Amino acid sequence: MLKDLLEGKPLRHPIHPMLVHFPIGFLVLSFLLDLVSLAFPEVPSLLRGSFYAMLFGIIAALLAAVPGFVDYSDIRRDHPGKVTASRHMILNLMVVAIYGINLWIRSSALTDPKISLPALLLSIIGIGLLSVSGYLGGHLIYDEGIAVGRHKRRTRLRKTRFIFRPHTRPVIGRPPLFPFLTPNSCAMVKHCALKSTSR
Amino acid sequence: MKSLLDFLKGKWLGHPLHPVLAHVPMAMWPGALIFDLLSQGQIGGNAMVRLSFYAIVFGLAAALLAAPTGLVDWSGIKKGKPAWKIGLYHMSLNLIATLLFAVNLALRWQTFRDASEVDRMPLLLSAAGTLILFGSAYLGGRMVYQYGISVGRMSKKKWRKLAAAGGANLPPE
């Protein structure tokens, strides 16, 4: 049940790809602010902003790790995506560790006007690894099809949510735009009928 | 022309380009809302106000880059498919969100250098824009995870070969 929830089946959309926007976005923002602070040293509080962005990025990465790990554990061992997913996970763990150290280095130098060399280097390495890892994550979806259509395949039927009418033809209608907002709508009947015949 | 379309589809990268670029506004604009709320809660002071401003700028820049790639991806969907309509909604909502954040940015332009907290109006615009963006992003995700848009675009040949080797009844190309 918890597994289904973390795989986003009630939302009918995987959760991990929703959350990864945030670590990627925030960590890239942090790096960009570092670069801007090198180019325009007279602009105040760029490095402080970079620090905050990094903090949010790390928190978001930790949040995204939970559904990510559930998704990972759901890939069959003989699927070609398993290797990619292992690499994706290892790289992500490295990125979080690197940014953890980076944040710790910066926390004692928040008022410095200039970025310290180790902090900048860690950011460069971190962004590099994050790009590779993000690419692998995209490869998992767009080439290996992980999590695509997964909610259609194995959602357990719940009597309270779906109307099941085995003797009528399924209602042909447009599927709802936001299906999790309209779980009892007529359009779900089609969905339900289709699924139950496939079992 | 063909090569430009292939570039926008991300063939050179081996990965569709629109989902890559879409990460940035999708993180920056809700991020701006969080920073706005923190600055209203007297956390971070002017650094937070500036951070929010930079986040919106970065988001807008990436959104402008992401728009043509999204348009190309959308133009590849047949008009009768359900994903076509979803794509249309996705695009319209994105346009509204982008406009809202552009107005938002204009409202901040004069004050972000010195203000210690974000005004009410930009904060409301951030909240509205974020809400619309969430709806739009969900639709974008539906296009991928429900309808498989741009899935297998780069690896079609590989999967066809695998399926043919397994004796599958392949549809014509």
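The values are calculated or read from the model by the stated rules, or taken from the named source; none is laboratory data. Note that the structure is predicted; figures quoted are calculated from it, not measured. Note that we place each Cβ from the backbone using ideal geometry, even for glycine, and neighbour counts take in every protein chain shown.
Listed values, structure above:
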| item | result |
| --- | --- |
| Condition check for A:Ala61: more than 19 Å from A:Ile124 (Cβ to Cβ), of a type in the set (A, V, I, L, M) and part of a helix (DSSP H, G or I) | no |
| Residue under evaluation B:Gly70, criteria (1) more than 25 Å from A:Leu33 (Cβ to Cβ); (2) more than 11 Å from chain A (Cβ to nearest Cβ); (3) surrounded by fewer than 19 Cβ atoms within 10 Å (Cβ to Cβ), criterion not met | (3) |
| Filter result for A:Leu33 (in contact with a Ser or Thr (Cβ under 7 Å, 6 or more places away or on another chain) and closer than 30 Å to A:Ser107 by Cβ) | yes |
| Candidates A:Pro14, A:Pro41, filtered to the one that is in contact (Cβ under 8 Å) with a residue 60 or more places away in the chain, more than 18 Å from B:Tyr145 (Cβ to Cβ) and either surrounded by fewer than 22 Cβ atoms within 10 Å (Cβ to Cβ) or facing chain B (nearest Cβ under 7 Å) (or both) | A:Pro41 |
| Exclusive hit being assigned by TED's automatic domain parsing to the domain that holds A:Asp143, surrounded by fewer than 19 Cβ atoms within 10 Å (Cβ to Cβ) and assigned to a helix (DSSP H, G or I), set A:Leu47, A:Leu103, A:Leu33, A:Leu110 | A:Leu103 |
| Leading residue by the ranking (modelled with the lowest pLDDT) among those in the stretch B:1-53 that are farther than 25 Å from A:Val132 by Cα and at the interface with another protein chain (Cβ under 8 Å from one of its Cβ atoms) | B:Gly44 |
| Listing of helices (runs of 4 or more DSSP H) fully contained in the stretch B:71-173 that carry 2 or more residues being among the hydrophobic types (A, V, I, L, M, F, W, C) and modelled with pLDDT of 90 or more | B:82-108, B:120-145 |
| Residue check, A:Ile101 modelled with pLDDT of 95 or more and under 17 Å from A:Phe22 (Cβ atoms) | no |
| Some residue of the stretch A:130-143 being at pLDDT 85 or above, crowded, with 18+ Cβ neighbours inside 10 Å, not hydrophobic (A, V, I, L, M, F, W, C) and not in a helix (DSSP H, G or I) | yes |
| Pair list, Cβ under 8 Å, 6 or more apart: the stretch A:168-181 residue outside the structural domain of A:Lys9 (by TED's automatic domain parsing), other residue among the β-branched types (Val, Ile, Thr) and modelled with pLDDT of 70 or more | A:Leu177/B:Ile86 |
| Extreme residue, surrounded by the fewest Cβ atoms within 10 Å (Cβ to Cβ), among residues of the stretch B:1-40 that are more than 23 Å from B:Lys156 (Cα to Cα) and among the polar types (S, T, N, Q) | B:Gln40 |
| Number of the exception - B:Leu131 against (1) surrounded by 19 or more Cβ atoms within 10 Å (Cβ to Cβ); (2) within 16 Å of the chain's Cα centre (by Cα) | (1) |
| Residue in the stretch A:54-65 that is more than 30 Å from B:Ala115 (Cα to Cα) and without any contact (Cβ under 8 Å) to a residue 24 or more places away in the chain present | no |
